[in-house]
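Beneath this line is the structure, given in structure tokens, with notes to follow.
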Amino acid sequence: MQPSTAISHLDGIASPMKKLYAVGLVLSFSFFTHNSYAQLIAAGGLHSLMLCTDSTTRACGQNLYGELGDGTTTNKLIPVQVGGLTGITTVSGGWRHSLFLKNDSTVWACGYNNYGELGDGTIIQRNFSVIVSGLIGITAVSAGQNYSLFLKNDGSVWACGQNLYGELGDGTTIDKWTPVKVSGLAGITSISAGYEHSLFLKNDGTAWACGYNGGGELGDGTTIDKWTPVQVSGLTGIIAVSAGYDHSLFLKNDGTVWACGLNLDGEFGDSTISNGSTPMQIISLTEITAISAGSGYSLFLKNDGTSLACGGNGTGELGDGTIIQRKTPVQVVGLTGIIAVSAGWFHSLFLKNDSTVLACGYNGDGELGDGTTTQRNSPVQVTGLCSVASVEENLLKNLISISPNPFSTQTTLHSDNLLHNATLTVDNCFGQTVKQIKNISGQTVTFSRDNLASGLYFVRLTEENKIIAVDKLVITDK
């Protein structure tokens, strides 16, 4: 690591701060919740991104490098529309840059570009979004500190930007201004860009990693940097990965969470500050459906819609009403009905099932979007978000019931309303459609597992191309 470099880019952050470095946003499983929900959320370094139901994007917070994409370099205390972009399906916020995936599988980027992280073949800062060069068939994006990862529909991964420790995984430490293919990877289903290390999830439930490894964040039992991906030791049945500043989180299909890397602030949640170069289970966590690793802290989403957090809390990022470090997970206060979480540098975002977004933590640049620069130790609602009037009022009221759920072989979905030529679509936790049943009439439909792997899925019911209900589906091997 080069702490002195990070300190030079603090951009006027006020003390106290528990660490004098920055973190690139890590987007986790929660980020890939299907966009049938009103918005997707991404907590970047000092900014926040939110995806609207009309496929436009809102942003707030620091804009010194144009990371909000509104054509200016003026910070925004309430969300503004990202200029010139429509048809967006996924957003990701890095330290000082932002990525946007369009429904035509192209990627657009804005913000800081000194290392080529925008992938447009230049190192010119962009205040409006530009297209990332040479990419088609992209299904997921993840923005790290000064680099970017892109997942293609063939299971390959591409990367651009800073490559100081091999975080691009191409076998070199040379920065890349346009995307290059990550070496030796196939069958990848999810990606996560951290500060200077990258995580990859394979379709066989294993996890792979490359880049900086001084704290053991690659989980391969060493502290040696890796320029090409290596397998994370001892993990199977993984359904989500999340790379933080100097630690990594892994979610298993049984709802347990595992962690490796540095644990200086208690971000493992194991009641210690002991580091680990191989993943260790966070024993106190069960029934977890989403993870997000930030800068010295971690967020977890439970299957009951509540959120837990642990680690550093110097600016209230854990949302428990205090600024006390937590070495074991504590509940984020006042939150229910949460469907997605995102941990940034020193602030956290939470998406509710009523399409509202809440935020807590550092707010010196307006990243919480509440119209102030006041630090919040417990979540407050982001104001001025995009209208959801174009979406059916009952969109997130779960007007279908699923029983049994979880299930292992077959289940039945019951609709509160009579269906006419409806379509049931099932997406995995990475936003990929894995099954579809068409021409449904009546109020019940039988759903068979077929060859689907165990894990969490999202279902949406549509009529005449309008979403009328959404819900979660859990498949087990029991």
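The values are calculated or read from the model by the stated rules, or taken from the named source; none is laboratory data. Keep in mind that this is a model prediction, so the values were computed, not measured. No Cβ is skipped: glycine too gets one built from the backbone with ideal geometry, and neighbour counts run over all protein chains shown. Note: accessible area is taken over every heavy atom of the protein model, side chains too, but ligands, DNA and RNA are not part of it. Shrake-Rupley method; radii C 1.70, N 1.55, O 1.52, S 1.80 Å.
For the range 180-199, which positions are crowded, with 24+ Cβ neighbours inside 10 Å, among the hydrophobic types (A, V, I, L, M, F, W, C) and out of contact with any Cys (no Cβ under 8 Å at 6 or more places or on another chain)?
Ile191, Ala193, Leu199
Identify, by number, the condition in (1) open to solvent by 20 Å² or more (accessible area, probe 1.4 Å); (2) assigned to a loop (DSSP other than H, G, I, E, B) that Gly155 doesn't meet.
(1)
If the requirement is being out of contact with any strand residue (DSSP E or B) (no Cβ under 6 Å at 6 or more places or on another chain), modelled with pLDDT of 95 or more and surrounded by fewer than 24 Cβ atoms within 10 Å (Cβ to Cβ), which of these qualifies: Gly321, Gly314?
Working: Gly321 fails: out of contact with any strand residue (DSSP E or B) (no Cβ under 6 Å at 6 or more places or on another chain).
The unique qualifying residue is Gly314.
Can you spot a residue in the range 343-352 that is out of contact with any helix residue (DSSP H, G or I) (no Cβ under 7 Å at 6 or more places or on another chain), surrounded by fewer than 23 Cβ atoms within 10 Å (Cβ to Cβ) and assigned to a loop (DSSP other than H, G, I, E, B)? Reasoning before the result, please.
Within the range 343-352, the first condition is being out of contact with any helix residue (DSSP H, G or I) (no Cβ under 7 Å at 6 or more places or on another chain), and the residues that meet it are 343-352.
Still in the list and also surrounded by fewer than 23 Cβ atoms within 10 Å (Cβ to Cβ): 352.
Applying the additional criterion that residues be assigned to a loop (DSSP other than H, G, I, E, B) yields none.
Scanning the range 343-352 turns up no residue that is out of contact with any helix residue (DSSP H, G or I) (no Cβ under 7 Å at 6 or more places or on another chain), surrounded by fewer than 23 Cβ atoms within 10 Å (Cβ to Cβ) and assigned to a loop (DSSP other than H, G, I, E, B).
Looking at the range 366-377, is at least one residue in contact with a Cys (Cβ under 7 Å, 6 or more places away or on another chain), modelled with pLDDT of 85 or more and assigned to a strand (DSSP E or B)?
Within the range 366-377, one or more residues are in contact with a Cys (Cβ under 7 Å, 6 or more places away or on another chain), modelled with pLDDT of 85 or more and assigned to a strand (DSSP E or B).
If you scan the range 120-151, which residues turn out to be touching a residue at least 40 places away in the same chain (Cβ under 8 Å), over 21 Å from Ser48 (Cα atoms) and assigned to a loop (DSSP other than H, G, I, E, B)?
Result: Asp120, Gly121, Thr122, Ile123, Ser133, Gly134, Leu135.
Going through the range 299-335 one residue at a time, which ones are in contact with a Pro (Cβ under 8 Å, 6 or more places away or on another chain), in contact (Cβ under 8 Å) with a residue 40 or more places away in the chain and within 16 Å of Phe350 (Cα to Cα)?
Answer for the range 299-335, where residues must be in contact with a Pro (Cβ under 8 Å, 6 or more places away or on another chain), in contact (Cβ under 8 Å) with a residue 40 or more places away in the chain and within 16 Å of Phe350 (Cα to Cα): Phe300, Cys310, Gly319, Val332, Val333, Gly334, Leu335.
Out of Thr172, Thr223, report the one residue that is at pLDDT 95 or above, on the phi < 0 side of the Ramachandran plot, in contact with a Phe, Trp or Tyr (Cβ under 9 Å, 6 or more places away or on another chain) and open to solvent by 10 Å² or more (accessible area, probe 1.4 Å). Steps first, please.
On the way: Thr223 fails: in contact with a Phe, Trp or Tyr (Cβ under 9 Å, 6 or more places away or on another chain).
Thr172 is the lone residue from the list that is at pLDDT 95 or above, on the phi < 0 side of the Ramachandran plot, in contact with a Phe, Trp or Tyr (Cβ under 9 Å, 6 or more places away or on another chain) and open to solvent by 10 Å² or more (accessible area, probe 1.4 Å).
Table: residues versus (1) closer than 24 Å to Trp208 by Cα; (2) not in a strand (DSSP E or B).
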| site | (1), (2) |
| --- | --- |
| Thr272 | no, yes |
| Ser298 | yes, no |
| Leu301 | yes, no |
| Leu308 | no, no |
| Gly314 | no, yes |
| Ala359 | no, no |
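State yes or no: is Thr336 farther than 24 Å from Leu456 by Cβ and in a loop (DSSP other than H, G, I, E, B)?
Values: farther than 24 Å from Leu456 by Cβ: no; in a loop (DSSP other than H, G, I, E, B): yes.
No: the conditions fail for Thr336.
Can you spot a residue in the range 77-97 that is in a strand (DSSP E or B), open to solvent by 40 Å² or more (accessible area, probe 1.4 Å) and not polar (S, T, N, Q)?
Looking through the range 77-97, at least one residue is in a strand (DSSP E or B), open to solvent by 40 Å² or more (accessible area, probe 1.4 Å) and not polar (S, T, N, Q).
Can you tell me which residues in the range 226-237 are closer than 27 Å to Gly305 by Cβ and either open to solvent by 10 Å² or more (accessible area, probe 1.4 Å) or under 16 Å from the mean Cα position of the chain (by Cα) (or both)? Talk me through it step by step, then tell me what you get.
The initial filter retains those residues of the range 226-237 that are closer than 27 Å to Gly305 by Cβ, namely 235, 237.
Within the range 226-237, just Gly237 meets the criteria.
Might you check whether a residue that is closer than 25 Å to Ile174 by Cβ, buried (at least 21 other Cβ atoms within 10 Å of the Cβ) and in contact with a Cys (Cβ under 6 Å, 6 or more places away or on another chain) occurs anywhere in the range 104-113?
Our first condition is that a residue be closer than 25 Å to Ile174 by Cβ; within the range 104-113, this holds for 107-113.
Still in the list and also buried (at least 21 other Cβ atoms within 10 Å of the Cβ): 107-113.
Then keep just the ones that are in contact with a Cys (Cβ under 6 Å, 6 or more places away or on another chain); that gives none.
No: the range 104-113 contains no residue that is closer than 25 Å to Ile174 by Cβ, buried (at least 21 other Cβ atoms within 10 Å of the Cβ) and in contact with a Cys (Cβ under 6 Å, 6 or more places away or on another chain).
Looking at the structure I just gave you, is Ser403 of a type outside the set (Lys, Arg), more than 19 Å from the chain's Cα centre (by Cα), open to solvent by 10 Å² or more (accessible area, probe 1.4 Å) and at pLDDT below 95?
Numbers: of a type outside the set (Lys, Arg): yes; more than 19 Å from the chain's Cα centre (by Cα): yes; open to solvent by 10 Å² or more (accessible area, probe 1.4 Å): yes; at pLDDT below 95: yes.
Against the criterion (of a type outside the set (Lys, Arg), more than 19 Å from the chain's Cα centre (by Cα), open to solvent by 10 Å² or more (accessible area, probe 1.4 Å) and at pLDDT below 95), Ser403 qualifies.
Can you work out which of the residues in the range 118-152 that are of a type outside the set (Gly, Ala, Ser), closer than 12 Å to Trp177 by Cβ and out of contact with any Gly (no Cβ under 8 Å at 6 or more places or on another chain) is surrounded by the fewest Cβ atoms within 10 Å (Cβ to Cβ)?
Checking each candidate, the answer is Ile124.
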